[in-house]
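Participant: Got a structure for you, written out below as structure tokens; questions coming shortly.
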Amino acid sequence: MAEWFFEPGHTAAEFCVRHMMVTHVRGHFKNVRGRLAFDPKRPLDSQVEAHLDAASVWTGEPDRDAHLRSADFLDVENHPEISFRGGKVEIIGDRDYLVTGQLTLRGVAREVLLKVRYLGQWATPWWVDGADQGPKIRAGSLATTTVNRHDFGVSWNSTLDNGGVVVGRFVDITIDAEAIQEQP
């Protein structure tokens, strides 16, 4: 089974949530770190672990980002990390899988199901101090899921007229992952 590490500069977790009943707010976390055990010939044996810095949330609006870091939402002072650990894999297509694992957010761990598409792998350059030290094997994947933020204690809201709310309950998550194969 090949061992991989996520390349932080090219791996990101993005989210999308309904805002004011009329639009969506999108944001992301860069510098996702973690490890992956994966062989496309034996995907059922895969394992994944990923970690991100909750304080790195970015939506492009500094006041909103500060609110998201507060105890109303991510509570980064008490819960600085968001993590995922998974290993139960179901094959649903040639390059498509369902991966079940534990998402931990605000100290609450819940089982979530990621729909993962394996994008393939390629031998690429590996630049160190301006010189190509490659090749290195890179693999890509795209994962999506939807979570109920209330399940993780992220329940702040404010009401609008006619029963509306400021922030939707369901959050769509997309993970773009680029992994580098460890040397055997």
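The values are calculated or read from the model by the stated rules, or taken from the named source; none is laboratory data. Note that the structure is a prediction, hence the values are computed from the model and not measured. Cβ placement follows ideal geometry from the backbone for every residue including glycine, while neighbour counts extend to all protein chains displayed.
Participant: With the requirement that a residue be under 19 Å from Asn148 (Cα atoms), touching a strand residue (DSSP E or B) at 6+ places or on another chain (Cβ under 7 Å) and of a type in the set (Lys, Arg), what does the range 102-125 give you?
Facilitator: Arg110, Lys115 - these are the residues of the range 102-125 that are under 19 Å from Asn148 (Cα atoms), touching a strand residue (DSSP E or B) at 6+ places or on another chain (Cβ under 7 Å) and of a type in the set (Lys, Arg).
Participant: From the list Gly130, Gly164, Gly134, pick out the single residue that is over 23 Å from Ala179 (Cα atoms), modelled with pLDDT under 95, of a type in the set (Gly, Ala, Ser) and over 20 Å from the mean Cα position of the chain (by Cα).
Facilitator: Gly164
Participant: Restricting the first residue to the range 14-42 and requiring it to be at positive phi, which pairs with a second residue that is among the small types (Gly, Ala, Ser) and surrounded by fewer than 16 Cβ atoms within 10 Å (Cβ to Cβ) meet a Cβ separation below 6 Å and a spacing of at least six or different chains?
Facilitator: Note: pairs meeting the criteria are Met21/Gly164.
Participant: Same structure again: How many residues are surrounded by 14 or more Cβ atoms within 10 Å (Cβ to Cβ), free of Cβ contacts under 8 Å to residues at least 12 places away in the same chain and outside any helix (DSSP H, G or I) when one looks only at the range 43-70?
Facilitator: Residues flagged as surrounded by 14 or more Cβ atoms within 10 Å (Cβ to Cβ), free of Cβ contacts under 8 Å to residues at least 12 places away in the same chain and outside any helix (DSSP H, G or I) within the range 43-70 amount to 0.
Participant: Have a look at Val147, Val171, Val108 and point out the one that is in contact with a Lys or Arg (Cβ under 7 Å, 6 or more places away or on another chain), at pLDDT 95 or above, among the β-branched types (Val, Ile, Thr) and under 25 Å from Cys16 (Cβ atoms).
Facilitator: Val171
Participant: With the condition being within 19 Å of Ala37 (Cα to Cα) and basic (Lys, Arg), I'd like the strands (runs of 3 or more DSSP E) fully within the range 77-163 carrying at least 1 qualifying residues.
Facilitator: Filter on the range 77-163 gives 81-91, 108-124, 136-148.
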